[in-house]
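FYI, it's all coordinate maths here, none of it is from the lab. Computed from a predicted structure; not experimentally measured. Here the Cβ positions follow ideal geometry from the backbone for every residue, glycine too, while neighbour counts run over all protein chains shown.
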Amino acid sequence: MERLAGRTALVLRSPERASSTVEQLAARGANAVVCPVIDFELPSDTAALDAGVQRLASGGYDWLILTSLTTLRALEQRAVTLGLDLTRASKTRVAAVAEASAVAAQAAGLAVDFVPQEKTGAGLVAELPAAAGERVLVAQADIAARTVEAGLAERGLSVDVVTAYRTVDAPADPTRRLEVPVLGDHGAPAAAAPLVAPEHLAERISEIDAVLFTSPSIVRRFAQLAGTDFPGPAIAIGGTTAAELTRLGFQRVHTAQAPTPAAMVDAWAASLD
């Protein structure tokens, strides 16, 4: 019998972003509760982002680096506002850090030329088939590490870095919230699961058997809302997220073997051995 059957996992993402994870849990007989603890806004000043989008739409870059689904949302939203079509930048090659970003980009009409074998920023820097002197656009969060920017610059590429979005506590300011529709993690409509508001998370945490963490910022926000003494498995999507869980004092930290919903569910199952 599936060891996850009847157990409940907390997915700390918005319903549309949690879709594939909810489906993976259901396939293993587990339940899901969804609580979006962070949200995303456009920067208050979009001048630099708009300049990057305009150059991108005109084919002024050799490479576009997509570091997340949210990056794609921000680029799409500004392109729509500016009346631009990013799919016409035919000379620009697109690199996505992970499969979820690649699938979303393809659904949006962008051909994806490269996804690294090691699906991290460091992996992209090491594996990207780019030559010195090529011009690259890196659009990323305000709190993003400089791994991609610094690594590509060290390789001799000409790197333009713009802040595509800000990571904020949910809910975002409705006047700046990213509104470009994005489907589930792999292009499916958002799966149904009970939704808990962040302010009620602490009182509901006793119902949860495991928590799935997909970024260090989500770890920090969860800790603010519900503390760090959760007794069950804390499942991290990757090493950076696992390190933040450990730094804050979570005791049962387990890391997925790949940054995918299926691998996170597998890590939860393995943690019960």
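Details
- Cα shape, the range 42-82, gyration tensor, a/c 1.5 rule: oblate
- Mean Cβ neighbour count within 10 Å, used as a protection proxy, ranking 120-129, 105-114, 169-178 highest first: 120-129, 105-114, 169-178
- Selected from ALA132, ALA223, ALA96 as most flexible by GNM, with the chain as the system and alpha-carbon contacts under 10 Å: ALA132
- Antiparallel DSSP beta bridges within the chain, percent to nearest 5: 15
- Rounded, prolate or oblate (a/c below 1.5 giving rounded, otherwise prolate when a/b exceeds b/c) for the range 14-61 by Cα gyration tensor: oblate
- Here the range 41-167 is treated with +1 on each Lys and Arg Cβ and -1 on each Asp and Glu Cβ, and its dipole about the Cα centre works out to around 160 debye.
- Each stretch of four or more DSSP H residues adds -39500 (n - 2.57); spread over every residue of the chain, this sum gives -10000 deg cm²/dmol at 222 nm.
- Antiparallel bridges, percent of DSSP beta bridges restricted to the range 41-167 (to nearest 5): 5
- Gyration tensor verdict on the range 41-167 (Cα atoms; rounded if a/c is under 1.5, prolate if a/b is larger than b/c, oblate otherwise): rounded
- Relative contact order of the chain, taken over Cα pairs closer than 8 Å and 6 or more residues apart, is 24 percent.
- For the chain, the residue among ALA48, GLY59, VAL138 whose Cα projects farthest onto the positive side of the dipole built from Cβ charges is GLY59.
- Using C-alpha pairs under 8 Å with a sequence gap of at least 6, the mean separation divided by the residue count of the range 41-167 gives a relative contact order of 30 percent.
- Based on C-alpha pairs under 8 angstrom that are at least 6 apart in sequence, the range 120-273 has a relative contact order of 14 percent.
- Gain upon complete extension [ALA122, ALA262; 0.36 nm per residue less C-alpha separation]: 48.2 nm
- Computed E for SER206/ASP142 - FRET, C-beta separation, R0 22 angstrom, nearest 0.05: 0.05
- Simple Cβ-charge dipole of the chain, Lys/Arg +1 and Asp/Glu -1, about Cα centre, in debye nearest 20: 160
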